Every structure is written in C-alpha cells, then in structure tokens.
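Student: Dropping a structure here in structure tokens format, bear with me for questions.
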Amino acid sequence: MRSLLFIILSIVTFHSQAQQYVCKTGKAHFFSKTAMEDIEATSNQTVCALNTENQKVVAKLTITTFKFHDKLMEEHFNENYMESDKIPYSTLDAVIKEKIDFTKDGVYDVTLVGTLDLHGVKMPREVKGKLTVKGGAPVSATADFMVKLADHKIKIPSVVGVNIAEEIKVDVAFIFVKYEKK
C-alpha cells in the first residue's frame, strides 16, 4: 500500500482536471539468454500510475517480488546481484513524449522519457511502448527495453559470467483503473 501511495503522490498535480489511473498488479518480466543458460523471472506486483493531464508515469517494483522457476536462482538474484535487502525497489519516473489525446480511442506508440532507478543507480532512459485508450481513458500499456547490468553497477562474478547476459531484456504490462480518492 505504501508503494501505491508513493506513486500517486509522485504524480498528483493541483489541477482539478487531472485524471489519475493506477495499476496495482502490473507485470514485469526479464529474460537473460546466453549459450550456457536462459534465466527469466516475473513479478506481478509492479505498481504504476499515469496522470493524463501532464502525461507523467511513475512505476515502482519491489525487487523481491520477482519469481524464478529455481528457488536457488531467486535467492542468488536477491542476495548476490540485486542486494534486495539494501536496495529493495526499482522505479521509473517518466513522461510520455508524444501528446496523447485521451478522449480518442486507439492504440498509441509512445516514448517514455525519464529516469530508471535500478540497484540504486539512476540512468536517463527512453522506453518505447504502446498505450491503449478505450472509452476515453487509458486502459493498458506495454513496453519492452534492454538493461545493461554494468550501467546499474550490477556485478556478476566471473565464475558465472557465461551464464548471465550483459544486457537483459525487460518487458512490462499494465492494466489501468481510474484512481478514486477515498
């Protein structure tokens, strides 16, 4: 619940016309492919919020929510590589570059421009994705992008270096509902 509150407060404006949309169960998935081994994990607990007035998007992921098919791999991911006890979250704070008319239904190609904070390292990012508007409101969004581990100071021991790609493919999917203050 704290994550949702953080996200909403991050994008709230003082304009009464602003419409907030949230997703509390967004999917984040990553895939590492090497000749030695494929590694993948999924989280279905990514929180995302979208403000239709200023087109601001904020997403937050608790790293320990990633689930692997192998529990030992999950443990190594959290303890050795991501240091989830010290750096528990990853965030994306961005704005949609293209001006979207949220009153017109359609599937829009969008570019998010902002900052990805992963493993405590903030990097400027441009993320390409698709935003679906239906009934005059955003209903879903998807995106995929590559993350270089070195950019975020994620160290991979040389002994397992051949098992983990230097660049990881990430894809996300969100289904939005209108945020109503209670």
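The values are calculated or read from the model by the stated rules, or taken from the named source; none is laboratory data. Only a predicted model underlies this, so the values are computations on that prediction, with no experimental measurement involved. With ideal geometry, Cβ positions are generated from the backbone for all residues, glycine too; neighbour counts draw on all protein chains shown.
Student: How about segment 142-165: which of its residues are loosely packed, with under 15 Cβ neighbours inside 10 Å and either touching a helix residue (DSSP H, G or I) at 6+ places or on another chain (Cβ under 8 Å) or under 16 Å from GLU79 (Cα atoms) (or both)?
Tutor: LYS153, LYS155, PRO157, VAL160
Student: Moving on to the next point. Confirm whether SER16 is at pLDDT below 95 and out of contact with any Gly (no Cβ under 8 Å at 6 or more places or on another chain).
Tutor: yes
Student: Same structure again: Can you name the residue in segment 70-89 that is within 15 Å of LEU149 (Cβ to Cβ) and over 21 Å from the mean Cα position of the chain (by Cα) and is also surrounded by the most Cβ atoms within 10 Å (Cβ to Cβ) among such residues?
Tutor: Top of the filtered list is HIS76.
Student: Continuing with the same structure: Out of the residues in segment 115-141 that are β-branched (Val, Ile, Thr) and surrounded by 15 or more Cβ atoms within 10 Å (Cβ to Cβ), state the one that is farthest from the chain's Cα centre (by Cα).
Tutor: Top of the filtered list is VAL133.
Student: Taking the criterion of being within 21 Å of HIS29 (Cβ to Cβ) and touching a residue at least 40 places away in the same chain (Cβ under 8 Å), would at least one residue in segment 112-128 satisfy it?
Tutor: yes
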